[in-house]
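Q: Below you'll find the structure I mean.
The values are calculated or read from the model by the stated rules, or taken from the named source; none is laboratory data. What you see is a predicted model, and the numbers here were worked out from it, not measured in a lab. When we count neighbours, we look across all protein chains shown, and the Cβ atoms used for this are built from the backbone with ideal geometry, even at glycine.
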Amino acid sequence: MDHSARRERLREPLQELGLDALLVTRLVNVRYLTGFTGSNGQVLVTAAGGVFFTDTRYEEQVRKEVSDLEREVYPRRFVRAVAEACRARSIGRLGFESAGLTHRTWRELEAAGVVELVPTEEVAEELRWIKDADELALIERAQAATDEAFERVTTKLAEGVTEREVAFELEVAMREAGADAVGFPTIAAFGENAAEPHHGPTSRTLARGDVVKLDFGSRVDGYHSDMTRTVAFGEPDPRLREIHQVVLEAQEAGAAAVRAGARGGDADRAARAVIAEAGYGEHFGHSLGHGIGLEVHEGPTLRDSSDDVLPEGTVVTVEPGIYLPGLGGVRIEDMVVVEANGCRPLPATSKELLLP
């Protein structure tokens, strides 16, 4: 991946903000801009290049992962090293990530008296919305592992198996299918538990007639997948059959509204209208979707109030749901790639309710 090109793209918004440099401290953004995969690193991005900071634990690792930047290794905390780097480069206005810098560090930088500190929001994050070819390939590999795990695990569903056992089997299957790790805690919900949008797996056992809601994903080289399928183990309650069809139609409507230049709120409202017309509007409380990449939840957002404009090359989820307390719930979720004239779904997995 061309990390130097990403840092070059960052310099335009810095110029627009009137900044001499940006101190990036959120690790996910540090990784995006440098390739560093450790647990402690900061990067100072300037017009002329930049400096990477880390502690002695990662001195050898950064030689391999961050070979195209000047590197500073500090013994304990990075504030003094950053202050000295700013002084040496005559940096006057230093932007910092308001979501990534602690108040303690801000006070220490301010006390150093070297720079004017300027808070910024979502500068690197918005660059991450658009995925390059390498990023898309990693997301597709993560999705392939997710697809394979679903196909393997659903053939093993049997009466008496617990939610925890199914969640564990999904996680093992994703790793065996090529994932580096699971992308987030797996949701496996049977029957009435499927009415909880984010249900933690329990010892609840599977019985005939239950719906099974599975929300899970994997991670490959830092990039995530995210998919939800709801299936029935045996013949479900007729109301669950009905809401599955409604959710499927809502998902199709939401995906049809996703294209480059559309707003996230447009897609949410398109899906929400289908559910409301069927009489279930009060049972769909969460947003339609979100961006995904190095974080499982990132921009842009697909919620009713979102004015985020969807750029071509963004990957977002489309995941409407209906949840009926005491009975169960249905959610169907696909990741899609935003294209000029629509979107391209990434999962290869069936969305049918009844298992073969």
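Q: In this structure, is Glu108 touching a helix residue (DSSP H, G or I) at 6+ places or on another chain (Cβ under 6 Å) and over 28 Å from Ile292 (Cα atoms)? Break it down stepwise before answering.
A: On the way: touching a helix residue (DSSP H, G or I) at 6+ places or on another chain (Cβ under 6 Å): yes; over 28 Å from Ile292 (Cα atoms): yes.
Yes.
Q: Sticking with this structure for a sec: Of all residues in the range 151-172 being modelled with pLDDT of 95 or more and touching an Asp or Glu at 6+ places or on another chain (Cβ under 9 Å), which is surrounded by the most Cβ atoms within 10 Å (Cβ to Cβ)?
A: The selected residue is Val153.
Q: Looking at (1) in the same structural domain as Leu240 (by TED's automatic domain parsing); (2) surrounded by 19 or more Cβ atoms within 10 Å (Cβ to Cβ), can you tell me which one Ala124 breaks?
A: (1)
Q: Then there's this: Filter the range 104-117 for residues that are of a type in the set (A, V, I, L, M, F, W, C) and buried (at least 17 other Cβ atoms within 10 Å of the Cβ); which is nearest to the chain's Cα centre (by Cα)? Full working, then the answer.
A: Filtering the range 104-117 for residues of a type in the set (A, V, I, L, M, F, W, C) gives 106, 109, 111-112, 114-115, 117.
After this cut, where a residue has to be buried (at least 17 other Cβ atoms within 10 Å of the Cβ) as well, the list is 109, 114-115.
On the way: Leu109: 31, Val114: 36, Val115: 34 Å.
Residue satisfying both the conditions and the ranking: Leu109.
Q: Please enumerate the residues belonging to the range 244-285 that are farther than 27 Å from Arg344 by Cβ and touching a residue at least 60 places away in the same chain (Cβ under 8 Å).
A: Of everything in the range 244-285, just one residue is farther than 27 Å from Arg344 by Cβ and touching a residue at least 60 places away in the same chain (Cβ under 8 Å), namely Gly285.
Q: Mind checking which helices (runs of 4 or more DSSP H) fall wholly inside the range 89-163 and carry at least 3 residues that are within 23 Å of Leu310 (Cα to Cα)?
A: 123-128, 133-154
Q: If you scan the range 161-180, which residues turn out to be touching a Ser or Thr at 6+ places or on another chain (Cβ under 8 Å), within 22 Å of His198 (Cα to Cα) and among the small types (Gly, Ala, Ser)?
A: Residue satisfying the conditions is Ala167 alone.
Q: Residue under question is Ala47, and the condition is that it be over 27 Å from the mean Cα position of the chain (by Cα), surrounded by fewer than 22 Cβ atoms within 10 Å (Cβ to Cβ) and not assigned by TED's automatic domain parsing to the domain that holds His297; does it hold?
A: On the way: over 27 Å from the mean Cα position of the chain (by Cα): yes; surrounded by fewer than 22 Cβ atoms within 10 Å (Cβ to Cβ): yes; not assigned by TED's automatic domain parsing to the domain that holds His297: yes.
So Ala47 fits the description; yes.
Q: Tally the residues that are more than 15 Å from Phe150 (Cβ to Cβ) and either under 17 Å from the mean Cα position of the chain (by Cα) or among the charged types (D, E, K, R) (or both), restricting the search to the range 177-196.
A: 6
Q: Pull up the range 255-273, narrow it to residues that are part of a helix (DSSP H, G or I) and not small (Gly, Ala, Ser), then point me to the one that is surrounded by the most Cβ atoms within 10 Å (Cβ to Cβ). Write out each step before concluding.
A: Keep residues of the range 255-273 that are part of a helix (DSSP H, G or I), which gives 255-256, 264-273.
Checking the rest, the ones that are also not small (Gly, Ala, Ser) come to 266, 268-269, 272.
Working: Asp266: 20, Asp268: 25, Arg269: 19, Arg272: 21.
Top of the filtered list is Asp268.
Q: Among the residues that make up the range 120-139, is at least one of them aromatic (Phe, Trp, Tyr) and under 22 Å from Asp2 (Cβ atoms)? Walk me through how you get there before you give the answer.
A: Step one: of the range 120-139, the residues aromatic (Phe, Trp, Tyr) are 129.
This time we only want the ones that are under 22 Å from Asp2 (Cβ atoms), so: 129.
Yes, the range 120-139 has at least one match.
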